[in-house]
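The values are calculated or read from the model by the stated rules, or taken from the named source; none is laboratory data. In this text the structure is predicted, and so the values were computed from the model without any measurement. All Cβ positions, even for glycine, are placed from backbone atoms using ideal geometry, and neighbour counts span all protein chains on display.
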Amino acid sequence: MPDDLKIDAHVHVFTTAMPLIDNPRHAPTYSFTHEQLMATLDAHSIERAVIAAASPWGDYNDYTIAALRAQPKRLRGTVILKPTVDRFALEAMSRDGVVGVRLPFIGLPSLPDITTFEYRAFFRRLADLGWHVHPHVEGEDLPKILPTLGASGVNIVIDHLGRPDPRTGINSDGFKTMLHSIEKGRTWVKVSAGYRLGPQAVDYARELLRIAGPDRLVWASDSPFVGHEAKFTYQSTVDWLTGCIADPVARSKIFGETALKLYFGA
């Protein structure tokens, strides 16, 4: 395994032709195609990437799956699904390179009840396939869902450093609950979107490394930085992790090795 291996564990692809859900949190007026993604990866020597399902397009996963089919060696992806999806549909998506489901709960008036039979059966099917659940929530909501997800047996991948409450940071209930979930052995965290979290993001990343270690952390760019497109470059997200994590061995694992095992089974 090359020491400079880099895998971007959180990117988005979309086009203006894709149908938006009613009242989306974001409504991009431009496209970021999977061809543009591959060109971006190549320009920055990024070997592989993981497409994260984005809430503005709901369970319209067609374009993500098309991208995975076009790049089976270099891309994996997550999708948004209704919990009533059947095993056969999941197996078909698995063959296309889907490895997880994103729960698009952020911004909702209240969290769905994931203790129902529909959700419990859903998580069991995901666990049986070796997929992960990718909760898209604010940090203060993690204590409300992580115990249920942990008890379901499914793997968990939390994005954007857990989005801690900025007032309490690493001392917040959400951050502490995330660390406890990591200790149980089936939770990983994306060291991503530091630009969304402010200067405290460096503290979050270093505390995660101190407690969880690099085998539970993966790097991600969050490209194309929806809502912040003109403020950040792809290279700045690489440089941020390089400046944040001093230990070259830990940094190498976070940039590539951990994601290779988690998403590509290598």
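Within the range 40-57, track down each residue that is crowded, with 17+ Cβ neighbours inside 10 Å and either of a type outside the set (D, E, K, R) or farther than 24 Å from Lys261 by Cα (or both).
Correct list: Thr40, Leu41, Ile46, Ala49, Val50, Ile51, Ala52, Ala53, Ala54, Ser55, Pro56, Trp57.
From the list Arg210, Arg206, which one is touching a residue at least 12 places away in the same chain (Cβ under 8 Å) and either closer than 19 Å to Val157 by Cα or crowded, with 23+ Cβ neighbours inside 10 Å (or both)? Explain how you work it out, then say what you get.
Numbers: Arg210 fails: touching a residue at least 12 places away in the same chain (Cβ under 8 Å).
Of the residues listed, the single one that is touching a residue at least 12 places away in the same chain (Cβ under 8 Å) and either closer than 19 Å to Val157 by Cα or crowded, with 23+ Cβ neighbours inside 10 Å (or both) is Arg206.
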Answer yes or no: is there a residue in the range 232-242 that is in a loop (DSSP other than H, G, I, E, B) and under 18 Å from Ala43 (Cβ atoms).
yes
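Got a sec? Which of Arg186, Arg163 is in contact with a Gly (Cβ under 6 Å, 6 or more places away or on another chain), of a type in the set (Lys, Arg) and farther than 25 Å from Tyr60 by Cα? First the steps, then the outcome.
Working: Arg186 fails: in contact with a Gly (Cβ under 6 Å, 6 or more places away or on another chain).
Of the residues listed, the single one that is in contact with a Gly (Cβ under 6 Å, 6 or more places away or on another chain), of a type in the set (Lys, Arg) and farther than 25 Å from Tyr60 by Cα is Arg163.
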Hits in the range 127-144 - residues which are crowded, with 21+ Cβ neighbours inside 10 Å, hydrophobic (A, V, I, L, M, F, W, C) and assigned to a helix (DSSP H, G or I):
Leu142
Any residue that is farther than 21 Å from His228 by Cβ and in contact with a His (Cβ under 6 Å, 6 or more places away or on another chain) - is there at least one of those in the range 28-35?
no
I'd like the full set of residues that are over 26 Å from Phe264 (Cβ atoms), assigned to a helix (DSSP H, G or I) and in contact (Cβ under 8 Å) with a residue 12 or more places away in the chain, limited to the range 112-126.
Glu118, Tyr119, Arg120, Ala121
Flag for Ser221 being at pLDDT 95 or above and either among the aromatic types (Phe, Trp, Tyr) or in a loop (DSSP other than H, G, I, E, B) (or both)
yes
Selection within the range 157-184 - among the polar types (S, T, N, Q), in contact with an Asp or Glu (Cβ under 7 Å, 6 or more places away or on another chain) and either within 26 Å of Ala127 (Cβ to Cβ) or in a helix (DSSP H, G or I) (or both)
none
Give, as residue ranges, the strands (runs of 3 or more DSSP E) completely inside the range 12-111 that count at least 1 residues that are touching a residue at least 60 places away in the same chain (Cβ under 8 Å) and not β-branched (Val, Ile, Thr).
48-51, 75-79
